């Protein structure tokens, strides 16, 4: 099977759920698994920092934020699964097919930032866990985490089901550890229940609440879930799709409720142990670990805490890598070796962690963890908004598009998230600017703020505008409105050919000749892209420029030998602008472009060039694949 355009091609449809089974439970279990991989992102070390901060400073007050976040997560993850099951697309692929290339690239960068922020929390959590168990300095613990790069490679060799089993085992370790801790802490349940009454005491609580939302509803999980559900091979009829949607929702509900239990357990533990004893400043995981034994009078309490921390970090590192692979392949069509992808992601997390430890000291690690979760919350809108558009579109989703109540609820949740994020960022930015910081930093903050609003506007309204435009066009031009009786066949007298001096040129030239006649003049165009050509333009005389001139002369000579009228033109610097300039200057009436044979980031770059050219010229353009 060719997995070139499938999400997670190595394991795509590797679990066959269409095989008849006499046991209903076996049928259900075949679908269970993807949500558990997603759920580990909801209990990674980044959650610990925000949960500890919330519980130690405000007792049970912010428990309702955890519950609200969990309900939000369940809805959004079910929408993500719906996209993957019905359309067979992950969120990154759907974005690539919908938004313009420039917007897609920004969304890709934001998704990568979110994954790097997630990985930062995993790195710090793992390093802290190792330090708590062994006493190893934090810097060494951070450095050691680079070696878990190869864990995913080992797991992938055994297939998706073995990977899911490994993750579930780690989740079980975390859950059992905190269940034991809660039994030791003996919280008063009547007091715990009061935490489900919504209230925000002050701005610090708001900051922590947004951090909790960012740590719970994670943008990379939306990309991940839409791809993981495609590891199941399902029947593609209506009954098969409905069954898959139902069982995946049950899978999500069970897995995310377990994640909620873990997060609630951490917050309740912090409230029952630290807040009750007057330790209101526990935001550091290390402080919590040190105080647990004394306050609970049990030597196993800190050990269980450290073991759970390592298990949470290790499970999250696997899913973070998968999410990175999905985002890179979906947006850029760039598929690289998993170990290299993991190494790049891990280095992006290790470097800032080491810098903070070296410059600010290990005592600032907790603040860095909380900041990473707030950063995640900022990215969330740019994943959720496109997702709602996609699952609401009846053109692509058909009868499986979400109904109006779900759509309204989804947009309300998104509006709340965006409002909280905007309020938090505005407040923090104003505080910084009022403190008299650098004027250049103030300008940068202002530019980024404007960019945030503009991108938000585009993600919301671009799909609506294009959808409305398509409907309007369809209404203006009804079927059978064109008569073919007096159709005129165009004659092209000046055909331009954009060549890249590769094996693809033969197809470009052949198609150009097919559209010409004995009087047609063929305008051969090539853009010199050497460093010298980009800087000196026509004055360039480096080896690549000379070789391109020789190749162009050869092409022109070969075409003249076939009694064709041919002329060569070399352009310099910007590819798209030069092609357009030459086409217009030579008054070409037809243009042939190569669809090139590149993949990955070159595919994105050259695809954008093709779009730029065809939008800037007023003549027919043929793209030859």
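Mind checking which residues of region 536-552 are surrounded by fewer than 12 Cβ atoms within 10 Å (Cβ to Cβ) and either in contact with a helix residue (DSSP H, G or I) (Cβ under 6 Å, 6 or more places away or on another chain) or in a helix (DSSP H, G or I) (or both)?
Residues satisfying the conditions are 539, 543, 550.
Of the residues 158, 99, only one is within 28 Å of the chain's Cα centre (by Cα) and modelled with pLDDT of 85 or more; which?
None of the others qualify; the one that does is 99.
Name the residue, out of 618, 560, that is surrounded by fewer than 14 Cβ atoms within 10 Å (Cβ to Cβ), touching a strand residue (DSSP E or B) at 6+ places or on another chain (Cβ under 7 Å) and either modelled with pLDDT of 80 or more or in a helix (DSSP H, G or I) (or both).
Step by step, each of 618, 560 is checked, and only 560 is surrounded by fewer than 14 Cβ atoms within 10 Å (Cβ to Cβ), touching a strand residue (DSSP E or B) at 6+ places or on another chain (Cβ under 7 Å) and either modelled with pLDDT of 80 or more or in a helix (DSSP H, G or I) (or both).
Given the conditions (1) within 30 Å of residue 463 (Cα to Cα); (2) part of a helix (DSSP H, G or I), report the number of the one that residue 89 does not fulfil.
Unmet for residue 89, out of (1) within 30 Å of residue 463 (Cα to Cα); (2) part of a helix (DSSP H, G or I): (2).
If the Cβ limit is 6 Å and pairs must be 6+ apart or interchain, which residue in region 398-416 that is closer than 13 Å to residue 78 by Cα and in the same structural domain as residue 67 (by TED's automatic domain parsing) pairs with which residue that is surrounded by 15 or more Cβ atoms within 10 Å (Cβ to Cβ) and modelled with pLDDT of 90 or more?
Pairs found: 400/86; 401/392; 402/391; 402/392; 407/392; 410/388.
Taking the condition under 24 Å from the mean Cα position of the chain (by Cα) and surrounded by 18 or more Cβ atoms within 10 Å (Cβ to Cβ), does residue 259 pass?
yes
Which one is farthest from the chain's Cα centre (by Cα) among residues in region 62-76 that are buried (at least 24 other Cβ atoms within 10 Å of the Cβ) and over 11 Å from residue 264 (Cβ atoms)?
My answer is 73.
Is it true that residue 570 is under 40 Å from the mean Cα position of the chain (by Cα), part of a strand (DSSP E or B) and modelled with pLDDT under 90?
no
The values are calculated or read from the model by the stated rules, or taken from the named source; none is laboratory data. What you are looking at is a predicted structure, and each value in this text was computed from that prediction instead of being measured. Neighbour counts are summed over all protein chains in view; Cβ atoms, including those assigned to glycine, are modelled from backbone coordinates with ideal geometry.
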